[in-house]
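Report on the structure given below.
The values are calculated or read from the model by the stated rules, or taken from the named source; none is laboratory data. Since this is a predicted model, take the numbers as computed values, not measurements. Note that we place each Cβ from the backbone using ideal geometry, even for glycine, and neighbour counts take in every protein chain shown.
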Amino acid sequence: MASSRAQLVAEILWELKRADKVANFRLVAERAGFSAGANGRAMETCLKTIRRDWPHLQWWRAIPIRDDGLLEKDSEQVVKLQECGYAVEDAEGSQEHVVVSEIETHTMSWEAPVDAPVGSPIDESLDDDDDESEDNADSDDSRAEKQEVEGEE
């Protein structure tokens, strides 16, 4: 059975596929609600599970980009990226690594939703309205009961 982290990452990979974007380990892990781990180890574990349990998902969209943005030349991930139209170019000063060209344009951006802070006037007014309507409903019920009792006498 897949871990809950792997399930969350799988959903994010599906989002990336629909948007035709990529994201680095840190962004994917943050979106899933956990840390990518030291050198991306937590994400690598999730991706192993995803590749085993959901081979149809495009696992390669989660890129282990470190600060320098280097990927191993001719790795399976680079081949998959190229097959889907992502251009790569040789990294400066390294014959063993490549970088994704114009990575910023291909990287998914999730904007945080704007929510009213807890305890804001909006929240309090909603709570007050609910309390008043409940109080009104209680007073209506008690009036109806009084009328029934008076009618019986």
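Here are a few things to note about the model shown:
- Selected residue [assigned to a loop (DSSP other than H, G, I, E, B) and at pLDDT 90 or above] from L57, L47: L57
- Among the residues of region 8-43, the ones that are buried (at least 17 other Cβ atoms within 10 Å of the Cβ), outside any loop (DSSP other than H, G, I, E, B) and out of contact with any Gly (no Cβ under 9 Å at 6 or more places or on another chain) come to 13 in all.
- On the stretch given as region 21-37, residues that are under 9 Å from the mean Cα position of the chain (by Cα) and of a type in the set (D, E, K, R) total 2.
- Scanning region 79-102 for residues that are small (G, A, S) and out of contact with any Lys or Arg (no Cβ under 9 Å at 6 or more places or on another chain), we see that the one that is farthest from K17 (Cα to Cα) is G93.
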